[in-house]
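Some notes on the structure that comes next.
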Amino acid sequence: MGKNICAQGVLLLVAGLVCMLWSVPVWAAEPALTLSGLIEYSLQHNGDLRSFREEKGIFDAGKVKAGLLPNPALEFEAGTGALTGSSAESTLSVGISQELLLAGKRSKRLAVAERELDMYRYKLAERERLVCEEVSTLFYDVMLAEQRLALADRSIALNRDLLEVSKARLAAGDIPELEMNLVKVELARSEASIIDVATTLNQSQQKLATSTGLPVGELNAISGTFYSATPRSKALADLKQLALAQRPDIKVLEAERGRGQAALRLARAESVPNLTVGLALWRDTRSMNISGLEGTDKTYTIGMKLSMPIPVFDHNQAGIQEAQARQSSAESRLLTAIRNAEREVETAYASSLSSEKILSLYKRDIIPQLKENLSLTEEAWRLGEVGILAVIQEQKKFFEVSENYLMALYNYQIALVKLDSAVATELNGEKQ
């Protein structure tokens, strides 16, 4: 009878353990959140992105300002001879003047404003790229924690089944009480470990909710799978070229280089002074004394005035020097960004290759051998060749390797996320 109880308990144990790695946790009936849905939501509701989008008005205003012409000036001048004893004499002048921008300054200012607006757009795209990488990483953090929690739940269930079998065998006199106490200790250890896993899951969920901008308490269960293998369609050299063509941070510096060139052209144009054209109407009133008779004479005069500063001391040499320095700085930072992007692609590509090799070892060698060891231990326990301690040790090893396998899946997925981010495109199909 003891052997029958033992065999029944072991069959339950082995059946649960064998399907452990391939089981997907089932959560509440609430709609599950997919990675693509979370990314789309975060692009609209992430706090940093929303505040940065509001800054577009600053650059739109800068473009409007660059296209405006100088305001005309209204001039008024009046004089009287009352203080000098000639109260009948006076002068009055009304004029208007307009500054004319020479050397195409207006179009050059508009070109600078356009490049600044381009820089803003690419900076926004760069922030969106980083938010997508962050949300994807946090999504898989939550998925890993959920899988670990499911693994811990299953460990507790199997230990409880093992405890029931041990109690029955103890009552039948097949095992000593020490073996049942060992099972109790293992069950308590499993129940304690699930608390840490649940805490990690809660922390990961809160980080994901914060990054996506979800309201408090509205992060439901997530829906997704780890990639176990992804066929590679592009070589490393092609990925580098794709990154240089796609990455927004490089496009920001290219736009900044274009802004530097436009600013240098503007600075050289600023060395040409502007011309001010004025039009005025004068009225002069003069007193006249003819044969003892007093009278006044009024004359009206229309005149035009042209004025232009003479660039003797300041011909904008400082502005030209500053624009040249900014352009050189942008060129240098662009070259550095290109090298860093290529290095980032190389690192992410190598990481994905190494993670893929580790996964292949688990699937080809480690997992099959672990199943075989578990089956052999079960058979030996059924035949009474080993004690409960051997079963416990094999079970612990199984769950440790299961956690390591989950971590290998996670590391491979994160390597793919970083490779996608480094290349700034989707390489592995639609997000789960």
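Which one is right for this structure if semi-axes √(5λ) of the Cα gyration tensor in Å is calculated from it: (i) 85, 24, 14; (ii) 38, 22, 20; (iii) 48, 26, 19?
The value matching this structure is (i).
With +1 assigned to the C-beta of every Lys and Arg and -1 to the C-beta of every Asp and Glu, and no other charges, what is the dipole magnitude of the stretch 262-345 about the Cα centre in debye, to the nearest 20?
Details: 10 positive and 9 negative charges, 31 e Å.
Using Cβ point charges on Lys, Arg, Asp and Glu, the stretch 262-345 gives about 140 debye.
Tell me, what ³J(HN,Hα) does each residue in the stretch 101-117 have, in order and in whole Hz, if you take phi through Karplus 6.51 cos²θ - 1.76 cosθ + 1.60 with θ = phi - 60° and put x for Gly and Pro?
Once θ is set to phi - 60°, the couplings for the stretch 101-117 become 7, 9, 6, x, 4, 5, 5, 6, 5, 4, 5, 5, 5, 5, 5, 5, 5 Hz.
Label points 7 Å out from Cα along the Cβ direction at Glu379 and His315: separation in nm?
Computed distance between label sites Glu379 and His315 equals 9.8 nm.
Contour minus end-to-end for Phe52 and Lys184, with contour as 0.36 nm per residue of separation and end-to-end as the Cα-Cα distance? Please report the intermediate quantities before stating the final value.
Values: separation 132, 0.36 × 132 = 47.52 nm, distance 5.62 nm.
Going from the current span to full extension adds 41.9 nm.
Efficiency by 1/(1 + (r/R0)^6): what FRET value for Leu69 and Val94, r their Cβ-Cβ distance, R0 = 22 Å, to the nearest 0.05? Can you show the working numbers first?
Values: r = 22 Å, r/R0 = 1.00.
Efficiency at R0 = 22 Å is approximately 0.50.
Enter the per residue convex hull volume of the stretch 319-432, computed from alpha-carbon coordinates, in Å³ rounded to the nearest integer.
134
Suppose every Lys and Arg Cβ carries +1 and every Asp and Glu Cβ carries -1, with no other charges. What dipole size does the chain come out with about its Cα centre, to the nearest 20 debye? Walk me through the intermediate numbers first.
Numbers: 49 positive and 55 negative charges, 232 e Å.
That gives the chain a dipole magnitude of about 1120 debye.
Suppose each label sits 7 Å from its Cα in the direction of the beta carbon; what would the Ala61-Ile366 distance come out to in nanometres?
5.7
Given H placed on each backbone N at 1.01 Å, which residues far from Leu275 in sequence or on other chains put an amide H within less than 5 Å of it?
Those qualifying (amide H under 5 Å, at least 5 residues apart or on another chain) are Leu100, Leu102.
Relative to the longest principal axis of the C-alpha atoms of the chain, give the angle of the C-alpha long axis of helix 2-18, reported between 0 and 90° and rounded to the nearest 10°.
Around 20 degrees separate the two axes.
Select from Leu389, Ser51, Phe226 the residue farthest towards the positive end of the dipole of the chain; place +1 on Cβ of Lys and Arg, -1 on Cβ of Asp and Glu, and compute about the Cα centre.
Checking the options against the dipole of the chain, the answer is Ser51.
Counting only other residues whose beta carbon sits under 9 Å from that of Leu163, what net charge do I get with K and R as +1, D and E as -1? Before the final figure, lay out the partial values.
Working: positive: Arg160, Lys167, Lys184; negative: Asp161, Glu164, Glu186.
Once positives and negatives cancel, what remains is 0.
With unit charges on the beta carbons (Lys and Arg positive, Asp and Glu negative) and the dipole taken about the Cα centre of the chain, which residue among Leu170, Met180, Cys132 sits farthest to the positive side?
Value: Cys132.
Arrange the following residues from fewest to most other Cβ atoms within 10 Å of their Cβ: Ile222, Ile194.
Details: Ile222 20, Ile194 16.
Fewest-to-most ranking of Ile222, Ile194: Ile194, Ile222.
Give a residue-ordered list of calculated ³J(HN,Hα) values for the stretch 145-158 (Karplus: 6.51 cos²θ - 1.76 cosθ + 1.60, θ = phi - 60°; whole Hz; x for Gly, Pro).
Result, ordered by residue: 5, 5, 5, 5, 5, 4, 5, 5, 4, 5, 4, 5, 4, 5 Hz.
Among bridges DSSP assigns within the chain, what percent are antiparallel (round to 5)? Each step should come with its number before you reach the end.
On the way: 35 of 37 bridges.
Beta bridges within the chain, antiparallel portion: roughly 95 percent.
Among Val142, Val386, which comes first, then next, by fewest other beta-carbon atoms within 10 Å? Show your work: numbers first, answer last.
On the way: Val142 25, Val386 17.
Lowest to highest Cβ neighbour count: Val386, Val142.
Modelling each spin label as a point 7 Å along the Cα-to-Cβ direction, I'd like the Arg286/Ala245 distance in nm, to one decimal.
Inter-label distance under the simple model: 8.1 nm.
For the stretch 271-286, take each phi angle, set θ = phi - 60°, evaluate the Karplus expression 6.51 cos²θ - 1.76 cosθ + 1.60, and give the result in whole Hz per residue in order, putting x for glycine and proline.
6, 8, x, 7, 9, 10, 10, x, 10, 9, 10, 10, 10, 10, 10, 10
Determine, for Met119, Met304, the number of other Cβ atoms within 10 Å of each Cβ, and report the residues in order from fewest to most. It would help to have the intermediate numbers written out before the result.
Working: Met119 19, Met304 10.
Least to most surrounded, the residues fall as Met304, Met119.
What is the angle, in °, between the Cα long axis of helix 236-246 and the longest principal axis of the Cα atoms in the chain? Nearest 10 is fine, range 0 to 90.
That works out to roughly 40 degrees.
Calculate how steeply helix 35-45 sits against the longest principal axis of the alpha-carbon atoms of the chain, using the helix alpha-carbon long axis, and give the answer as 0 to 90 degrees to the nearest 10.
30
Along the charge dipole of the chain, Cβ charges K/R +1 and D/E -1, which of Ile320, Ser421, Ser352 sits furthest on the positive end?
Positive-end residue among those listed: Ile320.
Calculate the dipole size of the stretch 44-180 relative to its Cα centre from +1 charges on Lys and Arg beta carbons and -1 charges on Asp and Glu beta carbons; express the result in debye to the nearest 20.
Details: 19 positive and 23 negative charges, 113 e Å.
Taking the Cα centre of the stretch 44-180 as origin, the dipole is about 540 debye.
Could you tell me the calculated FRET efficiency between Ala82 and Thr301, based on Cβ-Cβ distance and R0 = 30 angstrom, to the nearest 0.05?
Details: r = 22 Å, r/R0 = 0.73.
It comes to 0.85.
What is the set of long-range amide H partners of Ile222 at a cut-off below 5 Å, with H atoms built 1.01 Å from backbone N?
Leu33
Rule-based calculations on the coordinates, nothing more; no lab input. From a predicted model like this one, the values you see are computed outputs, not experimental measurements. Ideal geometry is used to build each Cβ from the backbone, glycine not excepted, and the neighbour counts take in all protein chains shown.
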